[in-house]
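Have a look at the structure below, then the notes.
The values are calculated or read from the model by the stated rules, or taken from the named source; none is laboratory data. Quick caveat, the model's predicted, so the values are computed rather than measured. As a convention, Cβ positions derive from the backbone with ideal geometry for all residues, glycine included, and neighbour counts pool all protein chains shown.
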Amino acid sequence: MKIEAFAPGKVILFGEHSVVHKRPAIAVAINKGVDVLLTTRDDNIIKVEVPSINYSQESELINKRLDFELDSQNKMITDYIYEVINLFEFEQGFNLNVDIRMYLGAGLGSSAAVTVSCMKALSILAGVEMNKKTIAKQARNIEIKIQGAASPIDTSMSTYGGIIYIDENFELERIKFDMDLQLIVSNCQISGNTGKLVESVRQKYVKYPEIVENIFNAMQEIAKNAKDALENGNSELIGDLMNLNQGLLDSIGVNTVELSDMVYLSRKYGAKGSKLTGSGGGGCIIAFCPENIDTIYEELSKKYATFKCEQSDEGVYAKIIEN
């Protein structure tokens, strides 16, 4: 049997950092993510391959299960794969090829996409019926086990796809959307420390409460207006709001020289809007490019790791391609 599965990654379009302080945010599932190819074997060996990190490992099924114990000190992307395998019993071995087609550790939800895509494929092989609600819940449980804490955003985006509005109470609402959101993601390949950045923003809030409160309130208004702009297909407003959001993120100290360079380079060559995505301090920017996307991609690619993408409406899916 051969099974193919895919789960999308995500970008934060609006509201990073302010969402930590109970303001709304908007996340978008993108059509770059994780492809899984599962092929059954005639023995009890499970072979896991992750080409992007040159990983290949064989393990043996014992009494239909894999004996994998998580090393809490060594958080690897492969841990998510083995934790998913641990959920099921299998009658035979298999080869599992996990092709991660986005940047790792750059705020794009790679661990969630790995977890969700593997869960979808392996549940089919194990003969276990799992709807999207169950997959999202189980995937989040795995992220919590490995990371110690995890919001539902990444696993929800990888499972359901689409564009999601996260309100002040951290409730998720799917945005009705009828346009192509042509995006470029560019990676400065410097990693920011999310925990330290969140804490630095919190300290600024304590030190300058009225000023930072007003910044968060402005981010809130941007997210609310952006929801309306997305629902109405207003490209001009989406771009303007992204640029405003970037300025506010800069003001709370999470921007960098490299991120700024990518932001302004994309605007120079025609992006309607561009901003960092995620916690900042490194990682990626997103550029909204309803026009000139090829030129913008070409120019950013000269200096930075870059890919084109758009929203992924479907979320996780799988199919049996050979039985």
Note to self: Would you confirm, using the coordinates I've provided, whether E298 is over 17 Å from D180 (Cβ atoms), surrounded by fewer than 22 Cβ atoms within 10 Å (Cβ to Cβ) and not polar (S, T, N, Q)?
What the structure shows: yes
Notebook entry, point to check: What number goes with the only condition from (1) farther than 30 Å from T39 by Cβ; (2) modelled with pLDDT of 95 or more; (3) surrounded by 18 or more Cβ atoms within 10 Å (Cβ to Cβ) that V316 does not pass?
Noted result: (1)
Check: Given the structure, is A113 closer than 30 Å to N225 by Cβ, under 17 Å from the mean Cα position of the chain (by Cα) and in the same structural domain as V20 (by TED's automatic domain parsing)?
Finding: yes
Checklist line | Qualifying residues in region 143-153 (those that are modelled with pLDDT of 85 or more and touching a Leu at 6+ places or on another chain (Cβ under 9 Å)) - the one farthest from G107 (Cα to Cα) | finding: K145
Checklist line | Whichever residue in region 170-209 is touching a Ser or Thr at 6+ places or on another chain (Cβ under 6 Å) and hydroxyl-bearing (S, T, Y) and, among such residues, is modelled with the lowest pLDDT | finding: T194
Notebook entry, point to check: Exactly one of (1) among the basic types (K, R); (2) in contact (Cβ under 8 Å) with a residue 12 or more places away in the chain; (3) surrounded by fewer than 18 Cβ atoms within 10 Å (Cβ to Cβ) is unmet by R140. Its number?
Noted result: (3)
Next item on the list: Go through region 15-48 residue by residue and tally those that are among the hydrophobic types (A, V, I, L, M, F, W, C), over 17 Å from R65 (Cα atoms) and out of contact with any Lys or Arg (no Cβ under 9 Å at 6 or more places or on another chain).
Entry: 2
Checklist line | Filtered residues of region 36-56 (kept if buried (at least 17 other Cβ atoms within 10 Å of the Cβ) and within 30 Å of A287 (Cβ to Cβ)) | finding: V36, V50
Check: Checking I164 against (1) within 23 Å of N86 (Cα to Cα); (2) in contact (Cβ under 8 Å) with a residue 40 or more places away in the chain, which single condition isn't satisfied?
Finding: (1)
Item checked: Sole residue being at pLDDT 95 or above, farther than 25 Å from M157 by Cα and among the aliphatic types (A, V, I, L, M), chosen from L259, L265 -> L265
Check: Does E291 satisfy being more than 24 Å from V116 (Cα to Cα) and modelled with pLDDT under 95?
Finding: yes
Next item on the list: May I ask you to verify whether I286 is at pLDDT 95 or above, crowded, with 18+ Cβ neighbours inside 10 Å and either charged (D, E, K, R) or touching a Leu at 6+ places or on another chain (Cβ under 6 Å) (or both)?
Entry: yes
Notebook entry, point to check: With (1) surrounded by fewer than 23 Cβ atoms within 10 Å (Cβ to Cβ); (2) modelled with pLDDT of 95 or more; (3) not aromatic (F, W, Y) as the list, and T115 as the residue in question, which single condition is left unmet?
Noted result: (1)
Next item on the list: Note down all Cβ pairs under 9 Å where the first residue falls in region 260-275 and is outside the structural domain of E291 (by TED's automatic domain parsing), the second is not aliphatic (A, V, I, L, M), and they're at least six residues apart or on different chains.
Entry: none
Check: If you go through region 116-157, how many residues are under 19 Å from V48 (Cβ atoms) and among the small types (G, A, S)?
Finding: 5
Margin query: Among the residues that make up region 4-24, is at least one of them part of a strand (DSSP E or B), touching a helix residue (DSSP H, G or I) at 6+ places or on another chain (Cβ under 8 Å) and hydroxyl-bearing (S, T, Y)?
Written below: no
Check: Listed residues S266, S186; which is under 18 Å from K10 (Cβ atoms) and out of contact with any Asp or Glu (no Cβ under 6 Å at 6 or more places or on another chain)?
Finding: S186
